[in-house]
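The values are calculated or read from the model by the stated rules, or taken from the named source; none is laboratory data. The structure presented is a predicted model; accordingly, all values stated were derived computationally and were not measured. As a convention, Cβ positions derive from the backbone with ideal geometry for all residues, glycine included, and neighbour counts pool all protein chains shown.
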Amino acid sequence: MEAGERYNRFCVSVDNIGKNIMRYKTVCAEQFGLSSRHVMPLIQLYACPGGLTAANLAEQCQVDKSFVSRITRELTDAGFLKCCGRNQNIVLTEKGRDTAASLTKYAENAVLRIDASASPEELKEFYLMLDRVDRNLDLLVSEGKHENG
């Protein structure tokens, strides 16, 4: 397969994967009156019972701090989050913990279904390659080089 063909296949596949993930998040989130953008922050906070600072949450979700600020405000107003402590850690309320537990379970079940047809060795290799592609794309973008031949 030539480079142009691989590029097209890669872009179409990654775009399709992203769309399907977004659809799945939307279906799960709507059950709790939330949107897809709320899913990852809630799951990340559920994994850290002591809470996270806004900067830590942004890093964990790979989003900017302004996004975390908007989401935190929305989820706090809806009763899912609260800020507490000297560092203003963002923590889940009881309602937030219950919801995040359910969303985490949906995510875990999704991964199990997605991974079901792959062997442990294939999964290990896949995630190693996925990390490598991610790092290489970060480098390509940060270098700002756009070579043509």
* Asked: Would you say SER102 is out of contact with any Pro (no Cβ under 9 Å at 6 or more places or on another chain) and modelled with pLDDT of 95 or more?
  -> yes
* Asked: Which condition number does GLU143 fail, the rest of (1) buried (at least 16 other Cβ atoms within 10 Å of the Cβ); (2) closer than 29 Å to TYR7 by Cα being met?
  -> (1)
* Structure fact -> Across the range 24-69, the tally of residues that are outside any helix (DSSP H, G or I) and farther than 17 Å from THR93 by Cα stands at 5
* Asked: Among the residues of the range 73-86, how many are touching a helix residue (DSSP H, G or I) at 6+ places or on another chain (Cβ under 8 Å) and more than 17 Å from LEU103 (Cα to Cα)?
  -> 3
* Asked: If you go through the range 116-123 one residue at a time, do you hit one that is among the acidic types (Asp, Glu), assigned to a helix (DSSP H, G or I) and more than 20 Å from LEU42 (Cβ to Cβ)?
  -> yes
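Residues are listed down the side, and each one gets a yes or a no for (1) free of Cβ contacts under 8 Å to residues at least 12 places away in the same chain; (2) in contact with an Asp or Glu (Cβ under 7 Å, 6 or more places away or on another chain):
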| position | (1), (2) |
| --- | --- |
| ALA58 | yes, yes |
| ASP64 | yes, no |
| LEU81 | no, no |
| ASN87 | no, no |
| THR93 | no, no |
| THR99 | no, no |
| GLU121 | yes, no |
| LYS124 | yes, no |
| SER142 | yes, no |
* To do: Look at GLN44 and say whether it is surrounded by 15 or more Cβ atoms within 10 Å (Cβ to Cβ) and closer than 23 Å to ALA101 by Cα.
  => yes
* Could you count how many residues in the range 1-41 are surrounded by 15 or more Cβ atoms within 10 Å (Cβ to Cβ) and either on the phi > 0 side of the Ramachandran plot or among the aromatic types (Phe, Trp, Tyr) (or both)? -> 2
